[in-house]
Amino acid sequence: MDSAISERSATGGAGRRELTATADNGLKIVVVGGFGVGKTTLVRSVSEIRPLNTEETMTQAGRGIDETGGLAGLGAKTATTVAFDFGRITLDARNVLYLFGAPGQERFWFLWDRLFAGTLGAVVLVDTRRLSDSWYAIDRLEHHGTPFIVARNDFGGPAYTPEQVREALDLDPGVPLVDCDARSRQSSKDVLIALVEHLKTLYVAQLNAPQEYAQ
């Protein structure tokens, strides 16, 4: 996906600012999904700092491995994430949100379990033309018990209904499904807001759940 980011500020990036000395509570969110679904683009679009990324130029060694099925707009992909992307959003004087974008290629999946450690929640970014590429991400998040939402990145593909996407991904009814354009800062922010609202809903439900008392 084109990494040109819309809605950038005149100073560059997404309105970069220094981390205040009072910030002492770091909240972690991971963005996962298949190869080439826009994870790096989303982190870049929403981060207030110049994101740290580990993109490397794709070489002949990746031919036949890092493939996107010849889909339009992806065949010209020349770089790929080989460790993770990192971005930051300051929520207030004491709370900072850290974003980690996980690499999508199967040979880097061993990194995911470590990235999930201490994670508040996750965004599974999907391309509806390649929904099967997201199955592993959902499986690992469910295995770890990590709350997540699913975001359909806009690649201009077939217009599947939300019900069709849910069925294809075998999503639990309680998992939110939202649409986004990872190139847009506002759209990416809306995705993160949807995740936070989902986490809040889960937290309130847990508080209101009947308590079991030891006999």
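The values are calculated or read from the model by the stated rules, or taken from the named source; none is laboratory data. The shown structure was predicted, so the numbers you read here are calculated from the model rather than taken from an experiment. Positions of Cβ are backbone-derived with ideal geometry, glycine not excepted, and every protein chain shown enters the neighbour counts. These area figures cover heavy atoms from the full protein model, side chains too; ligands, DNA and RNA do not enter into them. Shrake-Rupley method; radii C 1.70, N 1.55, O 1.52, S 1.80 Å.
The table below lists the values:
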quantity: Residue in the range 154-170 that is open to solvent by less than 60 Å² (accessible area, probe 1.4 Å) and of a type in the set (Lys, Arg) present; calculated: no
quantity: Hey, Ala137 touching a strand residue (DSSP E or B) at 6+ places or on another chain (Cβ under 6 Å), part of a helix (DSSP H, G or I), small (Gly, Ala, Ser) and under 20 Å from Gly36 (Cβ atoms) or not; calculated: yes
quantity: Subset of the range 128-175 that is touching a Cys at 6+ places or on another chain (Cβ under 8 Å) and of a type outside the set (D, E, K, R) - its residue that is nearest to Leu192 (Cα to Cα); calculated: Ala151
quantity: Some residue of the range 173-183 being in a helix (DSSP H, G or I), open to solvent by less than 90 Å² (accessible area, probe 1.4 Å), within 25 Å of Trp112 (Cβ to Cβ) and at pLDDT 90 or above; calculated: no
quantity: Positions within the range 82-119 being modelled with pLDDT of 80 or more, open to solvent by 50 Å² or more (accessible area, probe 1.4 Å) and either in contact with a helix residue (DSSP H, G or I) (Cβ under 8 Å, 6 or more places away or on another chain) or within 18 Å of Thr146 (Cα to Cα) (or both), in sequence order; calculated: Tyr98, Ala117, Gly118
